[in-house]
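Worksheet: one structure, shown below.
Every number here is computed from the coordinates shown, using simple stated rules; none is lab data. Values in this document were obtained by computation on a predicted structure and should not be read as measured data. In this analysis, Cβ positions are derived from the backbone assuming ideal geometry, glycine residues included, and neighbour counts consider all displayed protein chains.
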Amino acid sequence: MITDRDKEIVKFFEIFHFGTIKIIEKVFLREQSYAYNIARTRLDNIRKAGYIKTFSDAATGKNIYALNNPEVLKKRCSLHKLIPIEIYAELRSWGVDIKKFDIEKEWDGGKWRSDAITVFDLVDPYTKKIRRYHFFIEVMLSNDYPNLEKYDKLYSSGAVQEYLGHDFYPKTILLITDRNYNYCGLERCNIIRIETNLNRLVSILV
């Protein structure tokens, strides 16, 4: 039998499809003692109830939990897919008010795609005022450079401005990669490079 909290975790998998013990800990149990062990127990109960399945991923060295849905299970979960979900979990663990977080967001009828986009609010601890953050997220794991020039074209399409509901365009791309990348030829966005371990992710709050 699953609990009300378990049902919330199931809803998480219905939205994001994949997760790990650490992700569930950060999203749902960050203020509890022994949160990691509790997350592992809850996921095991949800798995036994048939809502999710688990598999060991050789590339990440992690146990991945996936929504028990044929289409989801057919996709499997790469590190490229997992990193945006890990970023979402980090944001939740900081207690920010997430307004939007869309993974594999398509724009302009599928002409362009972002690995993710997020909009969130955070109360400044000094001024006590609410500050809003907007970021595109791109993950670069292979030797191929991502097509970041699409963001200049995307600006002209107006698709993002329509999505956000006002005449605003995010000015920053979070590029998640362990490679050196110093490209700065974009007109509309700057780039913040964050290593895949996400240890420096908190640096975006400036």
Sticking with the crude label model, points 7 Å out along Cα→Cβ, report the distance from SER156 to LYS53 in nm, one decimal please. 4.5 nm
Kindly put THR177, THR3, THR54 in sequence by how many other C-beta atoms sit within 10 Å of each C-beta, fewest to most. THR3, THR54, THR177
Using Cβ contacts closer than 10 Å as the measure, can you line up HIS134, HIS166 from fewest to most? HIS166, HIS134
List, in order, the whole-Hz ³J(HN,Hα) value for each residue of the range 63-71 obtained from phi through the Karplus relation with A = 6.51, B = -1.76, C = 1.60 and θ = phi - 60°; use x for Gly and Pro. 7, 9, 9, 10, 4, 7, 9, x, 5
Using the Cβ atoms and a cut-off under 9 Å, what net charge is assigned to the surroundings of LEU198, where Lys and Arg are +1 and Asp and Glu are -1? -2
Can you tell me the length gained on complete extension of the stretch TRP94 to ARG188, counting 0.36 nm per residue apart and subtracting the Cα distance? 31.0 nm
Spacing of the two label points (7 Å from each Cα toward its C-beta) at ARG113 and LEU79, in nm: 2.0 nm
The chain: spread of alpha-carbon positions along the three principal axes, whole Å, largest first, is 53, 43, 32
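Contour minus end-to-end for ASP124 and ASP4, with contour as 0.36 nm per residue of separation and end-to-end as the Cα-Cα distance?
Net length gain for the segment: 39.9 nm.
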Dipole magnitude of the chain about its Cα centre (Cβ charges: Lys, Arg +1; Asp, Glu -1), debye to nearest 20: 460 debye
Measure nothing fancy, just the Cα-based angle from helix 4-16's long axis to the longest principal axis of the chain, in degrees from 0 to 90, nearest 10. 40 degrees
Run the simple label-point estimate for ILE15 and ARG40 please: 7 Å along Cα→C-beta, distance reported in nm. 2.7 nm
Helix 35-48 axis, angle to the chain major axis (alpha carbon atoms, nearest 10°): 70 degrees
Give the distance, in whole Å, between the Cα centre of the range 104-148 and the Cα centre of the range 1-63. 25 Å
Given backbone amide H placed at 1.01 Å from N, residues whose amide H is under 5 Å from that of LYS99, ignoring those fewer than 5 places away on the same chain, are VAL119, PHE120, ASP121
Given 0.36 nm per residue, what is the gain on full extension from VAL202 to ASN147 after removing their alpha carbon distance, in nm? 17.3 nm
Counting Lys and Arg as +1 and Asp and Glu as -1 over every other residue whose Cβ sits under 12 Å from the Cβ of GLY165, the net charge comes to 0
Name the residue farthest towards the positive end of the dipole of the chain from the options SER78, ILE191, ILE21, assuming +1 on Cβ of Lys and Arg, -1 on Cβ of Asp and Glu, about the Cα centre. ILE21
If the elastic network links every pair of Cα atoms under 10 Å, which of TYR88, TYR34, TYR155 fluctuates the most in the Gaussian network model of the chain? TYR34
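Please give the net charge around VAL123, taking every other residue with its beta carbon less than 9 angstrom from that of VAL123, where Lys and Arg add +1 and Asp and Glu add -1.
Once positives and negatives cancel, what remains is 0.
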Could you tell me which residue out of THR41, TRP94, ILE117 lies farthest along the dipole of the chain toward its positive end? Charges go on the beta carbon: Lys and Arg +1, Asp and Glu -1, centred on the Cα centre. THR41
